[in-house]
1. Ala715 to Trp128: extension gain in nm, 0.36 nm per residue of separation minus the Cα-Cα distance?
2. Expressed as cubic angstrom per residue, what is the convex hull volume of the alpha carbon set of the stretch 118-187?
3. Report the extension gain between Thr289 and Glu587 in nm, rounded to one decimal, defined as 0.36 nm multiplied by the number of residues separating them, less their alpha carbon distance.
4. Give the long-range amide H neighbours of Ser476: residues separated by 5 or more places, or on another chain, with amide H under 5 Å away, using H modelled in the peptide plane at 1.01 Å from N.
5. Report the Stokes-Einstein translational diffusion coefficient (µm² s⁻¹, integer) for the stretch 438-597, Rh taken as the Kirkwood radius over Cα pairs, at 37 °C with viscosity 0.692 mPa s.
6. Contour minus end-to-end for Arg653 and Tyr282, with contour as 0.36 nm per residue of separation and end-to-end as the Cα-Cα distance?
7. Note down, for the stretch 113-152, the three equivalent ellipsoid semi-axes (square root of 5 times each alpha carbon gyration tensor eigenvalue), biggest first, whole angstrom.
8. Would you list the P(r) distribution for the stretch 124-237, with all Cα-Cα distances sorted into 5 Å bins from 0 and each bin expressed as a whole %?
Amino acid sequence: HACLLAPPPDPAPKGPGRLRPEHSMAVAAAAASAAPYEGLGHLDDGPLPSKPRQRAAHAMLGKRAATRYLASAPLGEHRLPGYVIWGITLATSVGMALLNLFSIFSMEFLISFKFYVLQDVIGACGVWAGVAAFVGISCSFSILLMLVVVFVAPDAGGSGSPENKGWLNGSDLSAYFTVRNFFGRAIATVLSNASGYPVGREGPTVTMGSNLAFLITKLFAAPHVKQQVSLDDEATTKVTDVDQLDVVRRVACAVGGACGMAMIFNSPIGGFLYMFEDMTAYSWPLELTFRSFVALNLCTVLSEGILILMGSSISEFVLYIWQPQENTWCWRDVPVAILLSAVLGGFGVVHTRLCLRVQAARQRVHQRLQRYQPYAKMADAILFAMLCAFLFGVTSTRGHCLSIVKSGIDVSMVQFACPDGDYNPIASLLLTTAEGAVKRLFQLTNWGVHNLRGEVASLVVYTSMNICLTGVPVPSGNFTGTMLIGAMCGRVAGSVLAVLNLDFAKPGVYSMMGAAAMLSSFKRMSFAVVMFIVGATNNLSAMPIVMLCVTVSLFVSHSISAEGYDEEQVKRKKIPFLEPVVPDCLENLSAKQLCDALPAEAMLRAETTTAALRQALAVAQSVQIFPVLHSEVGRPQQCIGLVPRKRLEKVARGVASSPRGSPSGESPNVQRADSAVAVEAPDRFVALRRFVDEVSCMVPANARASRFYALFAQAGVRAVCVVEEDGSFGGIITRLGLIESAHRLEAAKESLPEDTDDTGTEDSEDEDGDEEEGSRDDDKDRNDQ
């Protein structure tokens, strides 16, 4: 209210930091409130106020083609219109529904073609000729896959889950989500599943959902976060509010990923829980809950409606089984379920470590063959596809034919070399996709559908190939693959109990228990795993026992290893990822100790020269955020804002391409150091204060990391300004710098011997030793480290 009642200012000369007569009362009041500290508010046009009355007062200024200062949104928020936000949400939902239909119909066509040729060749030339044809088709598909991955979308070789996890965590991985990667990954995912690799499509599908949402947001939201800012009286440049755009992007990407998981399992709630657990509550925006709810609803209804119009059902293409509700377990199954979950919880950790070791070994081999790349990687992927097809085919020949009618099953099985009306139980698990195999294992029909010997053989072969696949450059989702391994283990346990004629639950229920235990240990998820498995089997009565299995498995796996497969992949790929809670190695360090190492050229002045800009960009190649300081003589150095590197490069290009005129933004209080630079490049001054992001958070230099870490982990802050006791500038702490500091300290801690807790012992054992002095020595050693 005081702002609106403030009298208009007296006429004053124009220039940075001066008021002009045409300014409104709201701007005059903003200037008065900003006088004690220049970095808290900009004069002239200033940032757009967020309160309704302030916006009304600001509207008195009138609309202009270009503003003199960049207007940024509040921290962690955006100012996009509602129709833009919901347009992005609905477009992402519809796009994911269409993408899912493309994937399932393409996979159905290619896999049906492969089985048609297999059965035709077996009927004409025998089983071994059929196996050879099966290997040849898999080889052909894998060749096409490698051509797409190597020459079209190199980043599509992998699940993309670690990169997507890092992006949703707040790291800048925007270069990963391109149009080429999106279409390349969509085609490569279909080919990798059709080639017979022991993979699923959930990881690549979640990444494609984020990629699609990223592209849609860039199309719809980018024009609303760009501002035309005046370089001087003659030239202007467009500046993008990256922080505001990233907030919208990440929310949209989470919506896209949730839709991807929901479409695979026909479980909208499961898709929501998956993204919630993957992002964690620390990174979950408030607006995302309702937006994802609407998007998941639309995506599911649209997919079902299109399939009904085509005379089909979504249950034919997703991991979903329709079976009657009944009490499928009893209290006698609880001890067996606990034992099974404990074993699979430990096996999940072993499986993760084996996968990582295989990946490391494969990377060493490819490094030795660097001169033959990328053809060595192509050969590796193609030969591995042929090996999988050959082993799966040979193992299937050991299966005994069973009658479909006598088994009483209601899902499609693989005939392979059996007579008409019979099926091969091993081929039904190995020669199809992981999703199809899981559907067969979850069936509650009699236990002899696959027979014990076939289940054990399938488990050994598939698990071995799944582990050896790690590091092969193909789009691979381990979610369904790990679920299949657990389902096989549970099915074996259930079949053993059935062979012994013990009155326990059916093997299909034990498949659900094993899948839940193995998957939760591998992915370190709980609610999403329960929802996916219970929803896929349409068996709500099994929810208590499945939750028990997940609980036991997570307790065992956490006691062995603190991190799951995705977290290990993030570390090995060196993807910037900020932990939700402050690491132990940072907890007692001060803000001053965690400041980024900035060269003197990177600390820019509010009024600087084009030569200084070019020098800063050239010298500080690794600096992504530049502090902008006061340039007035007689005042302590204070940070008035931060400038991202990309924006600074754009300003430098805009000034260089603008018509040459009188220096703009020149202030009578410019330090002589800038004048010295201007002698070398006397082209013009640049008023950087127009392009800065206001300092949203300031941290005292002696503040411990535990006091301000939540700003980065929960509030989404990208950089904070560190101030000394006298209020002067002490440095900046960036999100990336904080992550790198944690990694360096953790690596140093691991390299130290375990017996290192005797620092300062000599001081304490000395007769005249001073306890306080020894404590200072400890602090000095820790600071040096």
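1. On the way: separation 587, 0.36 × 587 = 211.32 nm, distance 6.14 nm.
Gain on extension, Ala715 to Trp128, equals 205.2 nm.
2. Numbers: hull volume 6.7 nm³, N = 70.
Once divided by residue count, the hull of the stretch 118-187 is 96 Å³.
3. 104.1 nm
4. HN-HN under 5 Å from Ser476: Gly158, Ser159.
5. 185 µm²/s
6. Residue separation times 0.36 nm, minus the Cα-Cα distance, leaves 129.8 nm.
7. 26, 8, 4
8. With 5 Å bins starting at 0, P(r) equals 2, 10, 16, 16, 13, 10, 8, 7, 6, 4, 3, 2, 1, 1, 1, 0, 0.
The values are calculated or read from the model by the stated rules, or taken from the named source; none is laboratory data. Keep in mind it's a predicted model, so treat the numbers as computed, not measured. FYI the Cβ positions are ideal-geometry reconstructions off the backbone, even for glycines, and counts take in every protein chain you see. Quick note on the areas: whole protein, heavy atoms, side chains included, nothing else; ligands and nucleic acids left out. Shrake-Rupley method; radii C 1.70, N 1.55, O 1.52, S 1.80 Å.
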